[in-house]
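Structure, as structure tokens:
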Amino acid sequence: MMPAMASRQIVAGRTCVVTGAGSGIGRALAQRLAGQDCPVAICDWDEDGLRDTEATIAGPVLAKKLDVRDRGAQMAFASEVAEWAPAPFGMVVCNAGVTVSQLAAEAAPEDDEWVMDVNFWGVIHGTRAFLPILLEQGSGAIVNVSSVFGLIGFPSQSAYCASKHAVRGYTESLRHELRGSGVTAVAVHPGGIQTNIVRHSRFHKDDQGNTDRTVLEREFDNIARTSPAKAAQTIQDGVEKGKGRILIGPDAAMLAGLLRMAPVSYYSVMKRLEPLVRRS
Ligand SMILES: NC(=O)c1ccc[n+]([C@@H]2O[C@H](COP(=O)([O-])OP(=O)(O)OC[C@H]3O[C@@H](n4cnc5c(N)ncnc54)[C@H](O)[C@@H]3O)[C@@H](O)[C@H]2O)c1
């Protein structure tokens, strides 16, 4: 028997929340949703980026400078958004994230903690702040941004991979808990998206042993194929279709397929395929 599809979620016209909306995927999501008549509540710790996003939005917008690691600030933001919301809630996207490039054996512990605090605790605080509001209204989606690195491990990204696997485990558990509530929880796994994630990262050494961050920035620009606007579209479409897991980009689909065929030895296959995925 086919498993029952999750119920469809309405997003257009509903109040939506996006963390980390001052750049990249978060900014593109806020802009896309606003273009579909969604009042948007956005936050970021980078006030300049946040204000730049806000300035591009013509409809109702509530923008708040906020560090997602701060549980109290996320709770206060949720209360403020609930007071303000001109329409029922559609989706709450816990998107803010950071990374560090360093080998596990040489890792600066404070950088590993930074990544876990933003990527994992930031998502948990955001989920717990907004979930009661969605449960009260009996609809809506908690959308937590993981990564393809929440499906595989990758050299020099041990803390990032750990944080994104944690987001996936948390979100999938929540999804099962929410069965029958009308609310859903969705894990998003982007492949390479053309954003500032690497420029905003902390850097010690990459997977090739490079200690010059500009090399990694160039590599990333070379490999990341999907635009933030396309990522935003994929997220909205996936949520509206009731998907529990959303993969973004052909690289993410390819990796998910590879993982099914080679659940342990996927990295060896990836290394062999590497020259094919680089732009000439
Ligand atoms: N770009 C990719 O290739 C890619 C791939 C997989 C997953 N992701 C994930 O997508 C999400 C969005 O990243 P992006 O690629 O748009 O990167 P980005 O750096 O362009 O945007 C991330 C935003 O999060 C904000 N942010 C970081 N720490 C914060 C904090 N403590 N409090 C509030 N805001 C904070 C930043 O200021 C920035 O505006 C992240 O969770 C990232 O891990 C990105």
Quick shape check on the chain: root eigenvalues a ≥ b ≥ c of the Cα gyration tensor, a/c under 1.5 is rounded, otherwise prolate if a/b tops b/c, else oblate, and it reads prolate
Residues of segment 8-41 with backbone N under 18 Å of the label point set 7 Å from the Cα of residue 52 along Cα→Cβ are 19-32
The chain, Gaussian network, Cα under 10 Å: of 58, 159, 96, the residue fluctuating most is 58
Amide H neighbours of residue 248 at under 5 Å, excluding residues fewer than 5 places away on the same chain, with H built from the backbone geometry, are 189, 191
Once amide hydrogens are built 1.01 Å from N within the peptide plane, the residues lying 5 or more places from residue 99 or on another chain with amide H under 5 Å from its amide H are 202
Regression test value, accessible area per residue of the chain, probe 1.4 Å, units Å², expected 46 Å²
To the nearest 10 degrees, the tilt of helix 228-240 (Cα long axis) against the first principal axis of the alpha carbons of the chain is 50 degrees
Tilt, helix 24-34 to longest principal axis of the chain (alpha-carbon atoms), in degrees rounded to tens, equals 30 degrees
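Quote the FRET efficiency, to the nearest 0.05, computed for residue 274 versus residue 215 with a Förster distance R0 of 25 Å and r equal to the Cβ-Cβ distance.
On the way: r = 15 Å, r/R0 = 0.61.
According to the calculation, E is roughly 0.95.
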Relative to the chain, whose Cα atoms define the longest principal axis, helix 158-177 and its Cα axis are tilted in degrees, nearest 10, by 40 degrees
Of every hundred units of 1.4 Å-probe accessible area on the chain, the number belonging to carbon and sulfur atoms, as a percent, is 54 percent
Counting only backbone N atoms under 20 Å from a point 7 Å out along Cα-to-Cβ of residue 136, the residues of segment 82-122 in range are 82-94
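Rounded to the nearest 5, what % of the DSSP beta bridges within the chain are antiparallel ones?
On the way: 0 of 30 bridges.
Once the DSSP bridges in the chain are tallied, antiparallel ones form about 0 percent.
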For residue 15, the residues 5 or more places away or on another chain with a placed amide H closer than 5 Å to its own amide H are 87, 89, 90
Filtered hits (aspartates and glutamates, Cα-Cα < 16 Å from residue 241, offset >= 8 within chain) -> none
Looking only at lysines whose Cα falls under 25 Å of residue 271's and that sit 8 or more positions away or on another chain, we get 164, 205
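The values are calculated or read from the model by the stated rules, or taken from the named source; none is laboratory data. Predicted model only: the values in this text are computed from it and were never measured. As a convention, Cβ positions derive from the backbone with ideal geometry for all residues, glycine included, and neighbour counts pool all protein chains shown. Accessible surface areas use protein heavy atoms only, side chains included; no ligands, DNA or RNA. Shrake-Rupley method; radii C 1.70, N 1.55, O 1.52, S 1.80 Å.
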